[in-house]
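Some notes on the structure that comes next.
The values are calculated or read from the model by the stated rules, or taken from the named source; none is laboratory data. The structure displayed is predicted, hence computed values, not measured ones. Quick reminder, even Gly has a Cβ in these numbers, built from the backbone with ideal geometry, and neighbours come from all protein chains shown. SASA here: full protein model, heavy atoms, side chains in, ligands and nucleic acids out. Shrake-Rupley method; radii C 1.70, N 1.55, O 1.52, S 1.80 Å.
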Amino acid sequence: MMQNELLTQNLAAVGEEIGAELGAKMVKDFQDQNPIETKAYFIGRNIIEQILNQPGCVGIRFYNALNEAGQKTLVYVGIDSNENIISEYKVINDQGQLETVNAIVADRSKQWDTETSTTWSWFQ
């Protein structure tokens, strides 16, 4: 997709279903070329819904990162319709006053590795 098309695209509509066959091929191609990389990450529904429920959030951006132990992980944040990170937003507190709260910056995804997991894999 050309850069100008991406800039005018509805960001909430980015992404599409690609099917199991193409998905498996893409994952296998990456894993074949990067055999020591983390195979996958698992992120629970609750934190994803919390991020998406922030006012103005149209999607989630995932960043490669290193955790406190120096292990590869993902940090994920909500993105607004201008492709900006949502860093704070307004809420009405219990006293009925408008206040600013920090937006969610999340981690603690679960790494999944075929060598250490007995979980089902696309590639058995």
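Listed values, structure above:
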| quantity | calculated |
| --- | --- |
| Point-to-point label distance, Val101-Asn84, nm (Cα→Cβ direction, 7 Å offset) | 2.0 |
| Residue-normalised accessible area of region 3-94, expressed per residue, 1.4 Å probe, Å² | 72 |
| Approximate spin-label separation Ile36-Glu17, in nm, with each point projected 7 Å along Cα-to-Cβ | 3.9 |
